[in-house]
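Read through the structure below, which is laid out as structure tokens, and then see the notes.
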Amino acid sequence: MLFRSASIKKEFKKIYASEYYFDHNRVAQFPKILITDTTKTQYLFRINKGKEDLSEPINEHMPESKRPIPFENIIYVGDGLTDVPSMVVTKNSGGHSIAVHKSGSTKGLNVCKKLLGAERVHFIAPADYRNGSSLDKKIKLLLKSVITKIEYNKELFECHKNNGLKN
């Protein structure tokens, strides 16, 4: 509910999140849709394969070259242990993972440090999404890396195509 009212909502094509049933006083009573560690990885593959409609099957094989959003273009930011499977899938598939923690939370910082030490994430940072924060800088660095790789692959493709090596 909070994210849906966030000012950046308009920047997203699709949002996968838990949903709650609210009573007439706008108090959450129970979850309508619950996103678990397992469903988070399912949504990653939905994004990767371009199968955003929940009625579409995602377990059929799709060659990497046919997937509209390669994992190497995905940046996963998570703040809890239920994010670990998605962080690992993203990282091991060539994408980028960041574990975030609440500023001042020793427990959260320790969890993040363990994830970093176990090479389950690339970076850790306080969950401060403001411009200029440590997290902001890391995300922008990763975005530059993704964009540069896309531009490189485009130029490589064009070079081969212009020299009769691609159809």
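The values are calculated or read from the model by the stated rules, or taken from the named source; none is laboratory data. Predicted model only: the values in this text are computed from it and were never measured. Every residue, glycine among them, receives a Cβ derived from its backbone with ideal geometry; neighbour counts consider all protein chains shown. Surface accessibility is based on the protein's heavy atoms, side chains included, excluding ligands, DNA and RNA. Shrake-Rupley method; radii C 1.70, N 1.55, O 1.52, S 1.80 Å.
Here are a few things to note about the model shown:
- For the chain, the longest site-free run once GluC sites (Glu not before Pro) in DSSP loop states with at most 16 other Cβ atoms within 10 Å are removed: 61-118
- Charge dipole magnitude, Cβ of K and R +1, D and E -1 - the chain, Cα centre, debye nearest 20: 320 debye
- Over the chain, accessible surface divided per residue gives 70 Å², non-protein components excluded, 1.4 Å probe.
- Linear extension gain, Lys107 paired with Tyr129, 0.36 nm per residue minus alpha-carbon span: 5.9 nm
- Percent RCO, i.e. relative contact order, over the chain, from Cα pairs under 8 Å lying at least 6 residues apart: 12 percent
- Protein accessible area in the chain, 1.4 Å probe - carbon and sulfur %: 55 percent
- Under 5 Å between amide hydrogens, built in the peptide plane, is the criterion, and for Ser97 it picks out Tyr76, His122, Phe123 among residues at least 5 positions away or on other chains.
- Gaussian network model of the chain, Cα within-10 Å springs - most flexible of Ser18, Ser145, Ser86: Ser18
- The string of couplings for the range 116-128 from the Karplus curve (6.51, -1.76, 1.60, θ = phi - 60°) is 5, x, 8, 6, 8, 9, 7, 9, 10, 6, x, 7, 10 Hz, one whole number per residue in order, with x for Gly and Pro.
- Springs join every pair of Cα atoms under 10 Å in this Gaussian network model of the chain, and among Ala28, Ala99, Ala127 the largest mean-square fluctuation is at Ala28.
- Given (i) 29; (ii) 47; (iii) 41, the label whose value is percent of Cα pairs over 24 Å apart derived from this model: (ii)
- Of all DSSP-defined beta bridges confined to the chain, some 35% are antiparallel rather than parallel.
- Taking 15 Å as the straight-line reach from the Cα of Lys91, the aspartates and glutamates in range (excluding those fewer than 8 positions away in the same chain) are Glu72, Asp83, Glu119.
- Amide H contacts under 5 Å for Phe22: Gln29, restricted to partners 5 or more places along the chain or on a different chain, H placed in the peptide plane at 1.01 Å from N.
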